[in-house]
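The structure appears below as structure tokens.
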């Protein structure tokens, strides 16, 4: 019978419960947890069973004692408003917890995540007007530190409790610093966690948040935090079968997020000190560019001119290049936009970015993906790419990042799309030594099928028997070139 599998944080949580609920010593708790899961036919081969042993028993006992001290300092009035009886001691305990968890992240497993973190949050924001600012910062830092996506079970448990609290606070808050802190916590809570994103959307958190959207134009830090949260909320970053990313994007589209984002970018485009905010809002647009309709709206709002302006003005800035090229990659998937990109010099700008940021795998990968998208079914675009040394740029990217499977995959797709309908360009790639690099890429399972297809379309030998031994190909190998396939 096949054994069950669990996540690391499930095992760690069991260890923590044994220690806090049954007063077990660390080693006894670990052994008991192993026995529990073994009796249930759970496969522990991928689990680090001594995760907490990096912290000695004394530090663990100190952490548990500090947690109890913090709880004892929180008092509640008749109106259920929370107060701290000794701010100095409270601040000192928070600082100790932060330092210990930073040194040994596994210690966060000792936090009783159902009550302590919500209490600290409620205390922090309910009395923020008369709470020491340093104390507030420490409380927020501890909450953010605790809600790490690597400890998903804790992150989900805390999210279920504090997302409603944060939204209630945002409903009545009028202090921009407080709202920025709330967004920082929400960003961490929802990072790579579909269940917390769902809670946020079901509580109409997006509409609550957009009541304060005017502050984006007035406060730089709030603008950046707002963009960070939106980007994370829309990202398909959780390892689950069904993501709600598309549904979230559709709901945000109803709030006119595309024209709003472009307005923010245009306002700050040529302010050097605002560049980080512009880059973050470009990332928001990129997350929105997931459908043809959305891409067309971005294009019709005049975004190509904005992207070209940024690529020309900040050509040497890698962060700017990353977001510009990644957004262009998405837009190039739409034929109407692709033709306009060809006419307006978008291809040469991306090739220039590849030349400027040779060692940046992100820029190289998304640039190759952009070239693949523009060349797909478009011989005119393929000719433009080769005319401006695109074959050399792709070969250089493969040479510099020969172990990066995702980059090699996009490079292989670009080669295939360029030569599939324009076989006259095969020689341009072969002269750059592409064949040897593609054969090297066959060793990487993440790009094997694409590399095989590129070799075939370049009329190189493709001995199927050899390449099917390590990893089974994802398609039935044929000797017909791609341009003849239906």
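What follows draws every value from the coordinates through simple rules; no lab data is involved. Fair warning: this is a prediction, and the values are worked out from it, not measured in the lab. Here Cβ is always computed from backbone atoms with ideal geometry, including for glycine, and neighbour counts include all displayed protein chains.
General remarks:
- Residues in the range 376-418 that a label on residue 348 would reach, taking backbone N under 14 Å of a point 7 Å out along Cα→Cβ: 384-390
- Proxy reagent accessibility, fewest Cβ within 10 Å first, across 151, 314: 314, 151
- Neighbour-count order for 282, 257, fewest beta carbons within 10 angstrom listed first: 257, 282
- Difference of contour (0.36 nm per residue) and Cα-Cα distance, residue 17 to residue 340: 110.3 nm
- Between the Cα long axis of helix 275-288 and the first principal axis of the chain there is an angle of about 70°, rounded to the nearest 10.
- Axis angle, to the nearest 10 degrees, between helix 346-356 and the longest C-alpha principal axis of the chain: 70 degrees.
- At full extension, residue 28 and residue 388 could sit 122.9 nm farther apart than now, given 0.36 nm per residue minus the alpha carbon distance.
- Taking all Cα pairs closer than 8 Å and separated by 6 or more residues, the relative contact order of the chain comes to 7 percent.
- Compared with the direct C-alpha span, the chain from residue 133 to residue 312 gains 60.3 nm at full extension, assuming 0.36 nm per residue.
- R0 of 51 Å, Cβ-Cβ distance residue 273-residue 89: FRET efficiency to nearest 0.05: 0.80
- Reported to the nearest whole Å, the Cα centre-to-centre distance from the range 318-344 to the range 179-245 is 26.
- Sorting 11-18, 420-427, 328-335, 37-44 by average packing, meaning the other beta carbons within 10 Å per residue, from highest down gives 328-335, 11-18, 420-427, 37-44.
- D by Stokes-Einstein for the range 146-233, Kirkwood Rh over Cα pairs, 25 °C, 0.890 mPa s: 191 µm²/s.
- With neighbours defined as other Cβ atoms within 10 Å of a residue's Cβ, the residues 295, 381 order from fewest to most as 295, 381.
- Anisotropy class of the range 319-439 from Cα gyration tensor, a/c 1.5 cut: oblate
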